[in-house]
1. Could you give every pair whose Cβ atoms fall below 6 Å, whose first residue belongs to the range B:55-69 and is open to solvent by 20 Å² or more (accessible area, probe 1.4 Å), and whose second residue is part of a helix (DSSP H, G or I) and not hydrophobic (A, V, I, L, M, F, W, C), counting only separations of at least 6 or pairs across chains?
2. Inspect all residues belonging to the range B:320-342 and state whether any of them is of a type outside the set (Val, Ile, Thr), over 23 Å from B:ILE411 (Cβ atoms), open to solvent by 10 Å² or more (accessible area, probe 1.4 Å) and under 21 Å from the mean Cα position of the chain (by Cα).
3. Determine which member of the set A:GLU291, A:GLU246 is free of Cβ contacts under 8 Å to residues at least 24 places away in the same chain and away from chain B (no Cβ under 14 Å).
4. Hey, could you check the range B:410-446 for residues that are modelled with pLDDT under 85 and either hydroxyl-bearing (Ser, Thr, Tyr) or within 19 Å of B:PHE494 (Cα to Cα) (or both) and say which is most open to solvent (accessible area, probe 1.4 Å)?
5. I need a count of the residues in the range A:136-163 that are closer than 25 Å to A:HIS223 by Cα and surrounded by fewer than 17 Cβ atoms within 10 Å (Cβ to Cβ).
6. All but one of (1) modelled with pLDDT under 85; (2) under 30 Å from B:ILE164 (Cβ atoms); (3) open to solvent by less than 60 Å² (accessible area, probe 1.4 Å) hold for B:PHE300, so report the exception by its number.
7. So which of A:ILE321, A:ILE276 ends up being open to solvent by less than 80 Å² (accessible area, probe 1.4 Å) and either under 28 Å from B:PRO220 (Cα atoms) or more than 21 Å from the chain's Cα centre (by Cα) (or both)?
8. Go through the range B:396-451 and count every residue that is within 22 Å of the chain's Cα centre (by Cα) and of a type outside the set (Val, Ile, Thr).
Amino acid sequence: MRILFLITILSIFLIANEIKPTLTIYTYDSFTSPWGPAPKIKQAFEKDNNCTLKFIGISSSIGALRKIQLEGKKTKADILLGLDTSIAEVAKDTNLFIEHTLNITNLNLPIKYEDNIFVPFDYSYFAFVYNENNLKNIPHSFEDLINMPKNFKIVIQDPRSSTAGLGLLLWIKSIYGENASNYWKQLSPYILTITKGWSESYGLFLKGEADMVLSYTTSPAYHIIEENLTNIKASSFKNGHYGQIEVAAILKSSKQKVLAKKFLSFMHTKTFADIIPTSNWVYPVTNISNELKNPFKNLYKPSHMILTNGKIVQQNRKDIINEWLNAIQK
Amino acid sequence: MVKDILRFKNSILSGSLIIISLFLFILILFITLYNAQNADFTIQFDSRMYQLLKFTIYQAFLSTTLSLLVGLLLAWSLAHQSQFKGRKVLITLFSSSIVLPTIVVVFGIIGIFGRNGYFNQINLFLFDISFGSYLYGLSGILIAHVYLNASFAARSLLQSFESIPKEKYKLSKSLNFSIFKRFYYVEYPAIKSTLMSIGSTIFLLCFTSFAVVLLLGGSPSYNTLEVAIYEAVKLDFDITLAIKLAFIQITISAILVIISSSFQIVVSNLKASSNIIFWKDSKTVQLIQWFIIIVFSFFFILPLIVIIIDGIGSNFLQILKDTLFIKSLYTSIFIATISSIITGIIAIILSATMRNFTIRTRLSNKYISKFLNLIFLFFSNIYLAVPSLVMGLGFFIMSQTYAGSEFIWTISALITANILMSLPFAIAIINPLMQKTAKRYDKLSFSLGLTTLQRWTYVEYPYIKPSLGYVFALSFCFSLGDLGIISLFGSDEFTTLPWYLYQLMGSYRSTDAAGVALILLILVLTVFILLPKLFRNKIVKNN
């Protein structure tokens with residue numbers, strides 16, 4: 001009799017959980033870490049929408065797209081979150097996404113961006129980050145980088161798997177154009193290693209394996225606020241900084257399209273914008289609540305964002321990457 | 001002739017079935033890879049592929065040469081220092097290097113030789129110089145390869161050294177040979193064949209090396225073909241490119257395997273034999289020998305110690321409670337158990353078949369026997385020709401095109417790869433033994449009219465039991481520590497211990513990584529040392 005009771009309770013419990021739909025979001029690993037945005041976003045979104053929000057973290061941003069491609073028809077992803085506008089047009093070619101039908105014209109973006117499939121949710125500027133306790137001679141331009149002493153080492157990311165890596169590639173391409181290959185040949189001896197994703201390279205930098213890492217102008221904010229350390233800084237470059245506007249999109253294969261659309265609009269609410277700065281350590285695309293302090297108040301913010309049009313990237317990506325591979329091959 | 005074949009129908013049949021299924025498997029693999037290409041099948045040999053090939057061969061060649069050199073010096077030193085405390089332990093440790101998970105070894109090497117490793121830290125503290133980051137790139141790859149292969153080479157070469165009859169040493173002593181003359185006339189002829197076979201094995205292993213290049217190569221600048229295939233699939237999702245690279249890889253590996261099939265892999269047992277050479281060399285030479293032994297032992301043990309030190313500091317309760325860790329542990333052990341059992345069975349069946357072709361009392365005087373023997377050998381070593389990433393790519397494409405749950409495909413891929421990975425070594429151990437039993441007991445067994453089962457229970461099994469334990473331990477550890485196919489199939493849903501460790505290494509959680517590395521190391525060493533003990537015979541084995 002008691003067993004029957006227990007079984008009934010268990011099945012009610014299980015069924016109750018079945019009724020709540022699950023929204024699965026594939027994103028990069030630092031987003032889903034316990035100290036990243038995912039836990040707070042999950043809490044906020046699940047409160048207002050009767051559902052379970054599941055984040056799956058992959059070790060690199062573009063890697064998340066590849067994972068979906070690898071899984072093919074069997075993918076469980078409803079939303080892909082964490083690509084940026086540079087790779088967006090290339091991602092469109094995979095034909096895996098659908099239109100979001102939202103109005104995204106009134107966002108706080110440094111440059112105008114409109115797309116019918118991809119929705120921006122945060123942005124930042126790329127910069128080389130260093131530890132001022134260890135590095136005394138700071139480079140402030142790409143020319144400075146290749147004139148550093150022999151034992152100076154940087155760690156960067158692979159442009160095929162990481163949006164940060166792709167950002168650096170396009171940044172250098174935008175400055176050097178035809179001579180980009182030549183520049184990479186000169187930069188190559190300073191590269192300690194090229195990691196698949198941002199978090200691996202940042203981890204190496206923090207461990208002291210490299211003097212500088214390609215990261216964001218807003219990375220120091222984490223150390224200032226969470227660790228009370230002011231020695232991690234981002235170097236301001238004379239010729240401007242390449243930027244990154246991160247986007248999200250709904251999968252065509254998703255079975256929770258309505259819920260997914262709700263999430264995309266949720267990304268433009270104050271709640272979301274309040275969470276982003278101190279968990280993902282980048283700029284939100286909508287205004288934060290008035291009560292919150294701006295964590296990036298004293299940080300260097302570039303005056304404008306260098307950004308290559310997605311279509312140009314889509315047409316030339318393979319060539320740019322092959323040029324890069326040939327330049328760094330030993 | 002038909003009557004003769006019928007006499008051995010049982011053993012020939014089962015072995016042939018296995019070989020035929022292996023052949024079919026490879027055929028299906030090829031067909032799948034071929035069909036999966038969207039463009040025409042033209043391998044454009046562009047400059048990047050040429051660079052990749054050049055680098056792959058170059059690092060394999062350097063690694064092999066260095067490993068053989070170091071291994072030879074070490075074996076020579078150990079052979080002439082045949083009595084010192086802890087010698088047996090040291091040699092056992094060296095022979096365990098072949099089962100150490102590559103990822104664990106690399107983790108330990110980074111801990112010492114990395115830019116922030118202990119070596120540099122000590123140098124900074126004492127002498128205020130840092131050697132910088134010499135680890136990533138070619139030097140790192142070479143260090144890791146030498147670490148893994150020199151000890152394996154030394155162990156095998158040592159056995160060859162110790163099989164030299166004492167009389168030859170007596171003679172060389174009475175002729176007052178210098179150490180060079182003695183090496184040239186006495187020792188080199190004895191070790192030459194081992195040197196060749198070990199050399200070709202190590203070259204193949206380094207040519208198809210994946211985990212080391214992935215972890216220490218550091219960048220696309222230092223890619224080998226295997227890693228390039230991995231990156232083509234995982235980063236670019238450029239399956240066409242991956243397939244092109246796979247075909248280049250298979251072609252070259254197959255040629256190498258055919259060339260080296262004539263050299264059988266010589267794998268030595270755990271036990272250190274004690275052939276004592278009584279005449280010690282001059283004091284200077286002894287000093288050199290000791291120096292070599294100490295330096296190499298130091299180099300070998302340090303990464304392991306680093307793993308222990310770093311690992312002990314981690315929070316084990318937290319690690320053990322992590323669901324992903326538990327999943328990985330369970331999956332790894334499950335797959336390792338199944339694949340090691342199947343490997344053992346296949347090795348026995350194949351050996352049973354192969355000895356039909358080489359023993360005089362059986363079929364060896366038929367013309368076709370030698371050829372069949374070679375075919376069997378080739379297919380046993382097929383893993384060296386079709387390395388893990390290529391196989392993984394084939395399985396991956398198959399899982400996409402044919403029906404079947406992802407879970408079943410992943411498990412089949414892993415188990416198949418693990419079996420094929422251990423098969424060359426399993427056969428190298430079991431085959432000679434079964435040949436010996438046949439040579440010894442054939443006439444008796446046939447005259448007694450023993451059935452297959454009786455023969456197995458009373459003749460074969462007691463004789464090969466200890467080596468069978470070694471084979472199980474070997475394949476279990478290979479499977480446990482492998483980071484090959486799982487790199488393509490690994491996910492949060494399906495994870496093994498090495499894959500889990502790889503994920504940890506690539507994120508903030510380096511203390512957790514150290515803990516998991518330690519757990520993996522302890523697991524592998526325990527199985528490798530204890531499992532053969534379970535299979536040991538109570539009666540003293542006479543060889």
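The values are calculated or read from the model by the stated rules, or taken from the named source; none is laboratory data. What you see is a predicted model; the values in this text were computed from it and never measured. Because the Cβ atoms are built from the backbone with ideal geometry, glycine has one as well, and the counts that use them run over all protein chains shown. Just so you know, the surface numbers come from the protein's heavy atoms only, side chains and all, with ligands and any DNA or RNA stripped out. Shrake-Rupley method; radii C 1.70, N 1.55, O 1.52, S 1.80 Å.
1. Pairs found: B:LEU68/B:GLY199.
2. The answer is no, given that none of the residues of the range B:320-342 is of a type outside the set (Val, Ile, Thr), over 23 Å from B:ILE411 (Cβ atoms), open to solvent by 10 Å² or more (accessible area, probe 1.4 Å) and under 21 Å from the mean Cα position of the chain (by Cα).
3. Details: A:GLU246 fails: free of Cβ contacts under 8 Å to residues at least 24 places away in the same chain.
Within the list A:GLU291, A:GLU246, the selection yields A:GLU291.
4. B:TYR441
5. Of the residues in the range A:136-163, 5 are closer than 25 Å to A:HIS223 by Cα and surrounded by fewer than 17 Cβ atoms within 10 Å (Cβ to Cβ).
6. Failing condition for B:PHE300: (1).
7. From the options A:ILE321, A:ILE276, the qualifying one is A:ILE321.
8. 17
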